[in-house]
Structure formats: C-alpha cells, structure tokens
Amino acid sequence: EDKVVQSPLSLVVHEGDTVTLNCSYEVTNFRSLLWYKQEKKAPTFLFMLTSSGIEKKSGRLSSILDKKELFSILNITATQTGDSAIYLCAVRPNFNKFYFGSGTKLNVKP
Amino acid sequence: NAGVTQTPKFQVLKTGQSMTLQCAQDMNHNSMYWYRQDPGMGLRLIYYSASEGTTDKGEVPNGYNVSRLNKREFSLRLESAAPSQTSVYFCASSESSNNEQFFGPGTRLTVL
C-alpha cells in the first residue's frame, strides 16, 4: 500500500530557530515529491523534487530528496512567525495521482 | 487570472440531502482533482480527471460522483450526504505532465 509519513506531527519553535521537517514514503512507483505550505486555506506549492541529492532552495527554505532511503527533508532557517503553518508532503507515483502525508504543524513563537 | 475557484465556501446539509460542489480553473490545465481533508489525515484523493472527458477514482470515491463538464470545470456530487462526509473539500488542477497542483480555497461541508 502506498503511503507517505511525515514527522514530527507538530513542532513549536521560537523565531530565529532552524527546523527540519521529515517526509518518508513507500510507493510502488515514483515520479516526484512535492512540498506544500498550508496556512488558513488552500495549500500553496513550495518545491518539487525528482532527483536525489539536488537541493532546491527558495529564500530561507530548502529541500532535498533521497530516493535510495525514500525520504525528503524540508529545512527552514531563521524561522519567522509567518512560517507558522501546516507543511504537507506529497508523492506522485504517476501522472495523475498524489499521495499526501498528514502534515507537520509548525508554530513559530515570537 | 483567478486560478482555481470553488463554490460554495461553506455548506450545511442534513443526512440524505444531495448537493454539487463546483470547481473551475482558468489556467488551461488538463488535469483536475477533488480531495477531502480531515483533521490529522492530510489530503485524500476522491476523484481525478486526467483530461476533458475522462474521470477516475482516487483513494476514497465511495459516496461521490464527478463530472468533467469541459476543460475548465470539474464538479463533485454527493447524492445522499452522510455525517462521515463532513470535511473540507479542495479542488486542484495541474498540467498533465510532471507539474505541481494548484488548489482552490476549499469548501467546508458539514452534514448533520
């Protein structure tokens, strides 16, 4: 059975801290892994990863994929209160299916 | 450019009632999706449409039907609502190749 597991389920940090969110997966086929940020409403896209070892970076956020060990991490450095959200990981086994993890709820305190 | 739009934003139904959730996208995407999101369970795929005229079941299709009316619109119908269908429903779209999904704002549905 295909599944995506995220850890931790929730995390509380203070502004300026660095956090690492984890996503492990088991799927019968693999095309890509995606990270989304969900605040009050719809998830918004952060990164898409298809190859191992290549870091994707956007400002204070970065992500990397390990296809051998079947996991990805999302790093956020110098966290801000605006980073508080649920971070979702999804794996795309084929063109038209996405399996989502249950998310990591990040709370950044001032 | 509105992206993905959904109507209604909120809905309360009684058990056994029917309703249709509407979704439209203006990005000329081929693929469209319906998800439900329940606390602690992430997003689960209900149905998807790879292209106009085709639909397929996802992880949790029971109790739902869909229609891909044209390239822009993809609707989700609950024929006889049940309390277990209380959830937040998201519509999404993507290019048919290996691209990310864009999500609508969601519909919060409560079935009493």
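Every read-out reported here was derived from the displayed coordinates using simple, explicitly stated rules and does not represent laboratory data. What you see is a predicted model; the values in this text were computed from it and never measured. Backbone-built Cβ (ideal geometry, glycine too); neighbour counts: all protein chains shown.
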Checklist entry - If the Cβ limit is 7 Å and pairs must be 6+ apart or interchain, which residue in segment B:44-58 that is part of a loop (DSSP other than H, G, I, E, B) pairs with which residue that is loosely packed, with under 13 Cβ neighbours inside 10 Å and among the polar types (S, T, N, Q)? => result B:Ala50/B:Ser96; B:Ser51/B:Ser96; B:Glu52/B:Asn70
Next on the checklist: Criterion first (among the polar types (S, T, N, Q), more than 12 Å from chain A (Cβ to nearest Cβ) and part of a loop (DSSP other than H, G, I, E, B)) does B:Asn62 satisfy it?
Outcome noted: yes
Checklist entry - What's the number of the condition A:Ile64 fails, among (1) surrounded by fewer than 21 Cβ atoms within 10 Å (Cβ to Cβ); (2) within 14 Å of chain B (Cβ to nearest Cβ); (3) within 15 Å of the chain's Cα centre (by Cα)? => result (2)
Checklist entry - When the residues of segment B:86-99 are filtered to those that are crowded, with 20+ Cβ neighbours inside 10 Å and not aliphatic (A, V, I, L, M), which remaining residue is nearest to the other protein chains (Cβ to nearest Cβ)? => result B:Phe90
Checklist entry - Right, B:Val12: at the interface with another protein chain (Cβ under 10 Å from one of its Cβ atoms) and β-branched (Val, Ile, Thr) or not? => result no
Item to check | Failed condition for A:Lys40, given (1) more than 18 Å from B:Ser94 (Cα to Cα); (2) in contact with a Phe, Trp or Tyr (Cβ under 9 Å, 6 or more places away or on another chain); (3) within 13 Å of chain B (Cβ to nearest Cβ); (4) basic (Lys, Arg) | outcome: (2)
Next on the checklist: For the structure I just gave you, tell me whether B:Arg77 is away from chain A (no Cβ under 12 Å) and surrounded by 19 or more Cβ atoms within 10 Å (Cβ to Cβ).
Outcome noted: no
